[in-house]
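Colleague: After the structure tokens below, expect a handful of questions from me.
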Amino acid sequence: MQNDKAMKENPAVCHELLNKVGKPDDFILCKAMNVFDDKYRVNIYTRRMVEGIEGVSISKSYFVKYSDQGALTILS
């Protein structure tokens, strides 16, 4: 079964998460996508060198709950 509903991004979730856990070294981007209700998948992208070639990878990934009042809880 395919879900055709587009996932919505929320930069406020990234802001709150980075305040809690801090920015990693070589930070590039944080992306928070609403999965369902008030639950988000948050990916932290960093710069990485592999065999002399620079690339980008997801260094951390979180599943969080974010309320309309701005409260963030890391679920996993």
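Colleague: Tell me the label-point distance for the pair A12, I58, using the 7 Å Cα-to-Cβ offset, in nm and rounded to one decimal.
Modeller: The two pseudo-label positions are separated by 2.4 nm.
Colleague: In vacuum, with every alpha carbon of the chain counted as one equal point scatterer, what does the Debye formula give for log10 I(q)/I(0) at q = 0.14 Å⁻¹? Two decimals, please.
Modeller: The Cα Debye sum returns log10 ratios of -0.49.
Colleague: Here is a further query. Sorting check: for 56-63, 68-75, 12-19, which peptide has the highest mean count of neighbouring beta carbons within 10 Å, and how do the rest follow? Please report the intermediate quantities before stating the final value.
Modeller: Numbers: 56-63: 13.5, 68-75: 10.5, 12-19: 16.4.
By packing density, highest mean first, the sequence is 12-19, 56-63, 68-75.
Colleague: Hey, what did the chain get for relative contact order, percent, Cα under 8 Å, at least 6 apart?
Modeller: Details: 121 pairs, mean separation 17.8, N = 76.
Reported as a whole number, the value is 23 percent.
Values in this text are rule-based calculations from the coordinates and carry no lab data. This one's a predicted model, so the numbers in the text were calculated from it and none came from an experiment. Virtual Cβ from ideal backbone geometry, glycine too; neighbours counted across all protein chains shown.
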